[in-house]
1. So, for the chain, what is the accessible surface per residue at a probe of 1.4 Å, expressed in square angstrom?
2. Give me the base-10 log of I(q)/I(0) for the chain at each q in 0.18 Å⁻¹, Debye formula, one uniform scatterer per Cα, rounded to two decimals.
3. Per residue of the chain, what 222 nm ellipticity follows from adding -39500 (n - 2.57) for every DSSP H run with n ≥ 4, rounded to the nearest 500?
4. Using protein chains only and a probe of 1.4 angstrom, how many square angstrom of R156 are accessible, to the nearest 10?
5. Evaluate the distance, in nm, between pseudo-label points positioned 7 Å from the Cα of R130 and of M40 along their respective Cα→Cβ axes.
6. Nearest 20 debye, what's the magnitude of the dipole of the chain about its Cα centre given +1 on Lys and Arg Cβ and -1 on Asp and Glu Cβ?
7. Between I48 and A155, what is the label-to-label distance in nm when each label sits 7 Å out along the Cα-to-Cβ direction?
8. Leaving ligands, DNA and RNA out of it, report the carbon-plus-sulfur percent of the accessible area of the chain at a 1.4 Å probe.
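The values are calculated or read from the model by the stated rules, or taken from the named source; none is laboratory data. Keep in mind that what you see is a predicted model, and the values were worked out from it rather than measured. Backbone-built Cβ (ideal geometry, glycine too); neighbour counts: all protein chains shown. These area figures cover heavy atoms from the full protein model, side chains too; ligands, DNA and RNA do not enter into them. Shrake-Rupley method; radii C 1.70, N 1.55, O 1.52, S 1.80 Å.
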Amino acid sequence: MPSLPPAALSAYVARIFAAAGTPEADATLVASHLVEANQMGHDSHGVIRVERYVRDMQGGRIVPAQPVAVERESETTAVLNGGWNFGQVVAHRATEVAIEKARAHGAGIVVAHQCGHVGRVGAYGEQAARAGMIGIAMVNNHGGGQVMAPPGGRARRLSPNPIVVAFPTADPEAPFLLDMTTSVVAEGKV
């Protein structure tokens, strides 16, 4: 199996997304997120997703370059509309807004809707921890994505509902990170 340096793979993946119509900064962000997922051992959320993301762009399920718009906000909360942009772009921006609000007011609670697959959710907890914040992130799979059977069941009835809790530690390179889901196996591994 060929082995590529992460920077070279990220650049290659970013070129694919850019060729498909993604702005350069967003293409770089998504590509870096996918490669980092591979480096963290989450291959199901890594570059294996490139082909599907391109198909989703072609089918209109991902709409690159859409602005992440604030629909409503208060000093400590915000509701963002991602316009069906890449989930990584929307979730990264939501985390930035939460960090800004927490820095200014002690707490930042941000939700987003109309966004694609956000990738490895742990990345957003790590983003908060790098900013010196406690981060809690959750995903609801569009609220009704029935992709797994309950224990003992045979039919899909539940969403995996990933949840992340992260906070900084004395070592800035090693935050506490709890990144889990209710499923046994990630979708990209089945």
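1. For the chain, the per-residue accessible area is 57 Å².
2. -1.34
3. Using -39500 (n - 2.57) per qualifying helix, the result is -11500 deg cm²/dmol.
4. Around 150 Å² of this residue is reachable by solvent.
5. Taking the two extended label points, one gets 1.1 nm.
6. 660 debye
7. The two pseudo-label positions are separated by 2.8 nm.
8. C and S fraction of accessible area: 57 percent.
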